[in-house]
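J.: If you scroll down you'll find the structure; I have some questions about it.
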Amino acid sequence: MQVALVQLSATTDADTNRALVDDVLGTLGPRDGLDLVVLPEATMRDFGTSDDDLRSAAEPLDGAFAAQLAGHAARLGAHVVAGGFESRHDATGAADLPYNVLLAFAPDGTLVTTYRKIHLYDSFGYAESERLAPGQIAPAVFEVAGRRIGLMTCYDLRFPEMARMLVDAGADVLCVPAAWVRGPLKEDHWSTLLRARAIENTVDVVAADQCGKYVGHSMVVDPLGVVVASAGEEPAIVRATLSAERLERARTTNPSLANRRIGVTHEVVAP
């Protein structure tokens with residue numbers, strides 16, 4: 001499976017960001033033979049400051065940002081995943097706290113699935129839950145080129161049970177769009193957790209992060225924890241090939257999923 005990770009720095013202006021996405025994705029074409037293109041969390045519009053009301057920035061699932069991604073997916077003949085904010089309304093029709101959403105489009109431009117971020121970033125002095133609503137606890141998994149892609153967003157990475165839920169739903173690739181905020185040890189946490197999720201689940205991990213005020217370092221990690229491709233701190237496109245044969249070899253070498261004794265159903269044997 002051929003993968004491209006787009007590392008960029010979004011602004012708080014949606015029009016500017018759509019132009020940026022067009023410029024970046026415009027460097028890719030059908031001849032690149034891509035199966036999956038991944039852009040970061042909040043590509044549609046950056047989070048901004050803590051007092052920014054994201055309700056006014058959110059869009060429906062058929063809004064301008066979604067239409068743009070659908071168009072690029074159809075042009076590239078590839079699946080495209082990117083993050084934005086999905087509008088919500090209460091019973092009276094008033095705007096409610098939006099979802100932090102990932103949109104996944106198929107090569108024909110149709111919306112394959114969405115993932116609404118479950119674990120909101122109420123950590124390191126941030127309170128994402130004051131501006132966004134959490135999604136329901138359910139795995140978002142879809143198929144690309146014979147592989148099963150499981151979606152998770154940024155802070156979800158810190159919860160190993162999230163990745164295991166996706167793997168139990170059939171995922172053998174974890175797709176992690178993020179806006180991983182800079183800070184002491186944060187780059188180390190980012191790379192360590194990506195490798196840990198790959199190793200403990202024997203899966204490939206493809207992680208597209210924002211740069212600028214975020215750590216960047218988008219990367220592809222193989223099922224044994226090897227970083228096979230990575231960006232630095234600047235805008236970039238990271239290309240990699242995910243091998244089903246390498247996945248099979250890794251799971252033969254390290255059959256930890258098959259050896260599990262906790263979190264799986266076992267026959268109860270009477271003493």
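The values are calculated or read from the model by the stated rules, or taken from the named source; none is laboratory data. Keep in mind it's a predicted model, so treat the numbers as computed, not measured. Backbone-built Cβ (ideal geometry, glycine too); neighbour counts: all protein chains shown. For accessibility, only protein heavy atoms count, side chains too; no ligands or nucleic acids. Shrake-Rupley method; radii C 1.70, N 1.55, O 1.52, S 1.80 Å.
J.: Would you confirm whether or not region 199-214 contains a residue that is open to solvent by less than 30 Å² (accessible area, probe 1.4 Å), touching a residue at least 40 places away in the same chain (Cβ under 8 Å), farther than 25 Å from S256 by Cα and aromatic (F, W, Y)?
T.: Checking region 199-214: at least one residue is open to solvent by less than 30 Å² (accessible area, probe 1.4 Å), touching a residue at least 40 places away in the same chain (Cβ under 8 Å), farther than 25 Å from S256 by Cα and aromatic (F, W, Y).
J.: Quick one: which of A70, A66 is touching a residue at least 40 places away in the same chain (Cβ under 8 Å), assigned to a helix (DSSP H, G or I) and within 16 Å of the chain's Cα centre (by Cα)?
T.: After ruling out the rest, the residue left standing is A66.
J.: Among the listed residues S50, S87, S9, which satisfies the condition of being under 23 Å from Y155 (Cα atoms), in a strand (DSSP E or B) and among the hydroxyl-bearing types (S, T, Y)?
T.: S87
J.: In region 173-198, which residues are farther than 23 Å from F85 by Cβ, of a type in the set (A, V, I, L, M, F, W, C) and either touching a residue at least 24 places away in the same chain (Cβ under 8 Å) or in a helix (DSSP H, G or I) (or both)?
T.: If the condition is that a residue be farther than 23 Å from F85 by Cβ, of a type in the set (A, V, I, L, M, F, W, C) and either touching a residue at least 24 places away in the same chain (Cβ under 8 Å) or in a helix (DSSP H, G or I) (or both), then V173, L193, L194, A196, A198 are the ones that fit.
J.: Which numbered condition trips up G170, out of (1) in a loop (DSSP other than H, G, I, E, B); (2) closer than 16 Å to M152 by Cα; (3) touching a Leu at 6+ places or on another chain (Cβ under 9 Å)?
T.: For G170, the exception is condition (3).
J.: Does M162 count as out of contact with any strand residue (DSSP E or B) (no Cβ under 6 Å at 6 or more places or on another chain) and open to solvent by less than 30 Å² (accessible area, probe 1.4 Å)?
T.: Here the answer is yes, as M162 does meet what is asked.
J.: Does at least one position in region 241-249 carry a residue that is within 20 Å of L120 (Cα to Cα), crowded, with 19+ Cβ neighbours inside 10 Å and out of contact with any Ser or Thr (no Cβ under 7 Å at 6 or more places or on another chain)?
T.: no
J.: Need pairs with beta-carbon distance below 6 Å; first residue within 9 Å of P40 (Cβ to Cβ) and within region 5-18, second acidic (D, E) and surrounded by 15 or more Cβ atoms within 10 Å (Cβ to Cβ); sequence gap 6+ or separate chains.
T.: Partner pairs satisfying both residue conditions: A10/D46.
J.: Identify all residues within region 215-238 that are loosely packed, with under 14 Cβ neighbours inside 10 Å and either part of a strand (DSSP E or B) or touching a Cys at 6+ places or on another chain (Cβ under 9 Å) (or both); write none if there are none.
T.: G232, E234
J.: A further question follows. Quick one: in region 10-25, of everything that is crowded, with 18+ Cβ neighbours inside 10 Å and among the small types (G, A, S), which residue is nearest to E234 (Cα to Cα)?
T.: A10
J.: Could I ask something else about it? I need the full set of residues from region 77-87 which are touching a residue at least 40 places away in the same chain (Cβ under 8 Å) and open to solvent by 10 Å² or more (accessible area, probe 1.4 Å), in order please.
T.: Those that are touching a residue at least 40 places away in the same chain (Cβ under 8 Å) and open to solvent by 10 Å² or more (accessible area, probe 1.4 Å): G77, H79.
Residues are listed down the side, and each one gets a yes or a no for (1) among the β-branched types (V, I, T); (2) open to solvent by 10 Å² or more (accessible area, probe 1.4 Å); (3) within 19 Å of D46 (Cβ to Cβ):
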position	(1), (2), (3)
M152	no, no, no
V167	yes, yes, no
V181	yes, yes, yes
L194	no, no, no
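J.: Condition test on L185, is it closer than 30 Å to T11 by Cα and open to solvent by 90 Å² or more (accessible area, probe 1.4 Å)?
T.: yes
J.: Still on this structure, please answer the following. Quick check: anything in region 252-270 in contact with a Lys or Arg (Cβ under 8 Å, 6 or more places away or on another chain) and of a type outside the set (A, V, I, L, M, F, W, C)?
T.: Yes: region 252-270 contains one or more residues that are in contact with a Lys or Arg (Cβ under 8 Å, 6 or more places away or on another chain) and of a type outside the set (A, V, I, L, M, F, W, C).
J.: Ok, one more. State the number of residues belonging to region 98-133 that are touching a Lys or Arg at 6+ places or on another chain (Cβ under 6 Å) and open to solvent by 30 Å² or more (accessible area, probe 1.4 Å).
T.: The total comes to 1.
J.: D52 passes all but one of (1) in contact (Cβ under 8 Å) with a residue 60 or more places away in the chain; (2) among the charged types (D, E, K, R); (3) buried (at least 17 other Cβ atoms within 10 Å of the Cβ); which number fails?
T.: (3)
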